[in-house]
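I have placed the structure first, in the form of structure tokens, so that the comments after it can refer back to it.
The values are calculated or read from the model by the stated rules, or taken from the named source; none is laboratory data. Bear in mind the structure is a predicted one, so any value in this text is a computation, not a measurement. Cβ: placed from backbone, ideal geometry, glycine included. Neighbour counts: every protein chain shown. Protein only, heavy atoms only, side chains kept; ligands, DNA and RNA dropped before computing areas. Shrake-Rupley method; radii C 1.70, N 1.55, O 1.52, S 1.80 Å.
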Amino acid sequence: MLLYNSLTRKRDEFIPNEPGKVSLYTCGPTVYHYAHIGNLRSYIMEDILEKYLRYAGYDVTRVMNITDVGHLTSDADTGEDKMLKGAKREKKTVMEIAKFYTDAFFADCAKLNIKTPDVVAPATGCIDEFIHVIEGLLEKGFAYEAGGNIYFDTSKLKQYYVFNDFKEEDLEVGVRDGVEEDGNKKNKADFVLWFTKSKFDDQELKWDSPWGIGYPGWHIECSCISMKHLGETLDIHCGGIDNAFPHHTNEIAQSEAFLGHKWCNYWFHVHHLNTNSGEMSKSSGEFLTVSLLEEKGYDPLVYRFFCLGSHYRKSLVFSYENLDNAASAYKKLVAKIVSLLREDAGEIDSEAFDEGKAKFTAALDNDLNTSLAVTALYDALKLKTTPATKIALINDFDRVLGLDLVKAAEKQMATEDEAKATVSDDPFIREIEEKIAERIAAKKAKNYARADEIRAELSAKGVTLIDTAQGTQYTIQ
Ligand code: AMP
Ligand code: ZN
């Protein structure tokens, strides 16, 4: 499998550290508000990566942190803690909003068929690990104390800017946002590992440490949580592209300084979902959430389908018009599957199955090309083969795509059949249904002669029976 690696800036052959096993780390949400559908685009594409690795036979262990402390309003380590800001907004405690928005995040994930990672670790549960790594960094001379805070010294590294499209000036974004620059830093790019002094004295969550009572910086949590659960070498680290700098750059700096060797081999970054008017926002414009889409009548899986239509390394523009197009394509796909389910299923043709599957895996093996994988799904429907083969292919692909296509088709069929059943006051329909029931009983009793007789009786009355995987269907001429 080829996977684009932000570290090497090319598509690399994916080779895990240990054959057959993959360690995968994902930056989790900062739980001060609902996730917007931009955040969820990243989690959907990371879910596809995880599911495809499993589909390809790897034994995957995936870890995700929950940021419930230390993520400040500016990435340059200044401003108020986002969690505290959220707590003040809602007049609740930090722990109350952390619980509420963590639950809300996983509820959204469930609606989008995003699998919950094997380990979910809130930052507030790993304080000892943060302190241990910070102590190690101080001992090795990679960190210093200034003005009561502990900073990472970026000048001690041979190379700090590992993802080279980022530079020092990018750190000034926070300053432009009206947040003061931190005068304690020796170098502009240095970052806080542990805060004991903050302008914001009302920081709710604080812990004792060798440097005084305080709280961790944001970056240290991901390094420590990853090392705690996945060891000293990580196969793949995921996140949105905005996290590449400074967050991931800082994670690499501190992890490798602490470990004394290379830490993570592949960096998987999902590009942003934007609106026509620009960046997705939680505070201005329409706050686009999964619940809002549901209120407007969209199935969350239609949003997943919309995301799969574009490559994860391209930014994607969200508009209701684009979502409507995805909704109608999803509906047509489900309708096609309904008609397949109503046909005589036949046997699975393994040659056609392998042909369909080869296209699908070729698409995803090429840097997770989901739009081509969806094309492979359409192609599978056009194969000259039995409905059973096509349904088997759809179910197989859906292990990765997570669109619940056959489930949606079965639901659609049940609705259609229910509508049919409501007219069964009609004595003719009742007779057909009784005959079908009698035929099923005859087949169960291995009385095939009687079963054939019933088929012939009904046929004489213009009723054709069709045996499908979902039971006996019929048409009336
Ligand atoms: P946060 O909750 O702010 O820590 O972000 C959660 C995840 O969403 C991170 O991986 C971000 O990089 C990612 N993210 C933030 N904004 C967007 C966006 N507009 N499109 C895609 N991913 C995003
Ligand atoms: Zn992170």
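Here are the numbers for the structure shown:
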| read-out | value |
| --- | --- |
| Evaluation of Thr116 against (1) free of Cβ contacts under 8 Å to residues at least 60 places away in the same chain; (2) outside any loop (DSSP other than H, G, I, E, B); (3) under 19 Å from Asp68 (Cα atoms) (one fails), failing number | (2) |
| Filtered residues of the range 144-160 (kept if among the polar types (S, T, N, Q) and either modelled with pLDDT under 95 or more than 34 Å from the chain's Cα centre (by Cα) (or both)) | Asn149, Ser155, Gln159 |
| The lone exception for Asn65 - which of (1) within 16 Å of ligand 2 (Cβ to nearest atom); (2) open to solvent by 10 Å² or more (accessible area, probe 1.4 Å) it fails | (2) |
| Failed criterion for Trp218 (all others in (1) closer than 22 Å to Glu80 by Cβ; (2) away from ligand 2 (no atom under 13 Å from the Cβ) hold) | (2) |
| Residues of the range 222-248 classified as more than 11 Å from ligand 2 (Cβ to nearest atom) and of a type in the set (Ser, Thr, Tyr), total | 1 |
| Single residue of the range 432-449 satisfying the filter (touching a residue at least 12 places away in the same chain (Cβ under 8 Å) and not acidic (Asp, Glu)) that is most open to solvent (accessible area, probe 1.4 Å) | Ile440 |
| Long-range neighbours under 6 Å by Cβ, at least six apart or interchain, first residue on the phi < 0 side of the Ramachandran plot within the range 48-65, second open to solvent by 10 Å² or more (accessible area, probe 1.4 Å) and of a type in the set (Lys, Arg) | Tyr55/Arg399; Asp59/Lys21; Val60/Arg54 |
| Residue count, the range 418-431 (criterion: assigned to a helix (DSSP H, G or I) and open to solvent by 70 Å² or more (accessible area, probe 1.4 Å)) | 4 |
| Elements of type helices (runs of 4 or more DSSP H) in the range 237-351, at least 3 residues being at pLDDT 95 or above and surrounded by fewer than 18 Cβ atoms within 10 Å (Cβ to Cβ) | 290-295, 320-342 |
| Residue match in the range 241-249 (condition: within 14 Å of ligand 1 (Cβ to nearest atom), of a type in the set (Asp, Glu) and on the phi < 0 side of the Ramachandran plot) | yes |
| Test: residue in the range 194-213 that is open to solvent by less than 10 Å² (accessible area, probe 1.4 Å), in contact with a strand residue (DSSP E or B) (Cβ under 9 Å, 6 or more places away or on another chain), within 16 Å of ligand 1 (Cβ to nearest atom) and in contact (Cβ under 8 Å) with a residue 24 or more places away in the chain | no |
| Residues that are away from ligand 2 (no atom under 16 Å from the Cβ), within 29 Å of Phe130 (Cβ to Cβ) and assigned to a strand (DSSP E or B), drawn from the range 11-62 | Glu18, Lys21, Val22, Asp59, Val60, Thr61 |
